[in-house]
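The values are calculated or read from the model by the stated rules, or taken from the named source; none is laboratory data. These numbers were taken from a predicted model, which means no experiment stands behind them. With ideal geometry, Cβ positions are generated from the backbone for all residues, glycine too; neighbour counts draw on all protein chains shown. For accessibility, only protein heavy atoms count, side chains too; no ligands or nucleic acids. Shrake-Rupley method; radii C 1.70, N 1.55, O 1.52, S 1.80 Å.
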Amino acid sequence: MTEVLGKFITFEGGEGTGKSTQTALLAEYLSDLGHEVVLTREPGGSDGAELIRALLVSGDVERWNPITEVLLLYAARSEHWQKVIEPALVHGKWVICDRFADSTMAYQGYGHGVDRVFISKLYNSVIGSRQPDWTFIFDLDPKIGVERALKRHTSENRFESMNMDFHQRIREGYIKIANQNPHRCHVVDAGQSVYAIHKEIAQIIVGKDLPNK
Ligand code: TMP
């Protein structure tokens, strides 16, 4: 079996919760500590997976049925895992990923009602037994988050445009995922200041406090 030396950190949550800002801050912090860091995202993160991303995040809300969505997401994830994440971990790099498999469980499983056992089986077939070392779940009222996300006015708004009940189910789904995986999942109150959130996350990873600001 290949020895995996690097650490794998994933950021999760609903729309407009501030994850991306925090992935960049953590990447900088860990690089300053001397780690080799790969900052990546899903869907996407490799050439082929980015092509699949374009199919998923834009266009009509009804463009794909939920099972097709799961299969497209796992097609992208398979590429990303094999070409970017796994090789980086094997070389001792620390990988920070903005969304990963918990997004599929939350959005397509809890949000759209796709069979969660089917989604877990895909995980096992595509990724295997490796799980993230830490997963930070950004929790925020979706009314605030979705409004914030829609204000960005990008063409990547297919999921943001889905109804509020869908976004509520995603929020509740994430809390269930956190409760089922307490060893790796940390729920973060995304309503705090940018620095307070960064401090909380860094403290969990390196095990020591950052100064107050
Ligand atoms: P992003 O806005 O965080 O870049 O993510 C793109 C969208 O894709 C976001 O609305 C959530 C959605 N998504 C899923 O529905 N399932 C998944 O597995 C992933 C990774 C993302």
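A few comments on the model shown:
- Cα-Cα separations in the chain greater than 25 Å, expressed as whole percent: 35 percent
- Potential lengthening between ASP165 and GLN203 on full extension [0.36 nm per residue; Cα-Cα distance subtracted]: 10.3 nm
- Accessible-area value, LYS83, 1.4 Å probe, nucleic acids and ligands omitted, Å²: 130 Å²
- Magnitude of the charge dipole for the chain, about its Cα centre and with charges confined to Cβ atoms of Lys, Arg (+1) and Asp, Glu (-1), is about 140 debye.
- Projecting the Cα positions of TYR107, PRO142, VAL117 onto the charge dipole of segment 8-206 (unit charges on Cβ atoms of Lys, Arg, Asp and Glu, taken about the Cα centre) puts VAL117 furthest along the positive direction.
- Over the chain, relative contact order from alpha-carbon pairs under 8 Å, at least 6 apart, %: 31 percent
- Karplus 3J(HN,Hα) series, Hz, for segment 80-96 with 6.51 cos²θ - 1.76 cosθ + 1.60 (x for Gly, Pro): 4, 5, 6, 9, 10, 5, 4, x, 5, 5, 4, 8, x, 7, 9, 9, 10
- Residues ARG169, ARG184 ordered from highest to lowest accessible area at a 1.4 Å probe: ARG169, ARG184.
- Between the amide H of ARG41 and those of ASP98, distances stay under 5 Å, these residues lying 5 or more places away or on another chain, with hydrogens modeled in the peptide plane.
- Considering only the Cα atoms of segment 1-53, their convex hull presents on average a projected area of 5.2 nm².
- Accessible carbon and sulfur surface of segment 11-94 relative to its total accessible area, %, 1.4 Å: 54 percent
- In the chain, a dipole from Cβ-located charges (positive for Lys and Arg, negative for Asp and Glu) runs towards its positive end, and of GLY92, ALA75, ILE52 it is GLY92 whose Cα lies farthest in that direction.
- Label point 7 Å beyond Cα of PHE118 along Cβ direction - residues of segment 51-72 with amide nitrogen under 16 Å: 64-72
- The stretch between VAL90 and GLU36, if pulled fully straight at 0.36 nm per residue, gains 18.2 nm over its current Cα-Cα span.
- ³J(HN,Hα), Karplus 6.51/-1.76/1.60, whole Hz, each residue of segment 123-136, x for Gly, Pro: 4, 4, 6, 8, 9, x, 8, 5, 10, x, 6, 9, 10, 9
- For GLU36, nonlocal amide neighbours, meaning residues 5 or more places apart or on other chains whose placed amide H falls under 5 Å from its own, are TRP94.
- Applied to segment 188-205, the Karplus parametrisation 6.51 cos²θ - 1.76 cosθ + 1.60 on θ = phi - 60° returns per-residue 3J(HN,Hα) values of 10, 6, 6, x, 6, 5, 4, 5, 4, 5, 4, 4, 4, 5, 4, 4, 5, 6 Hz, with x for Gly and Pro.
- Cross-link pairs LYS121/LYS143; LYS151/LYS176; LYS143/LYS208; LYS7/LYS151; LYS19/LYS93 - those with Cα-Cα distance over 24 Å: LYS121/LYS143; LYS151/LYS176; LYS143/LYS208; LYS7/LYS151
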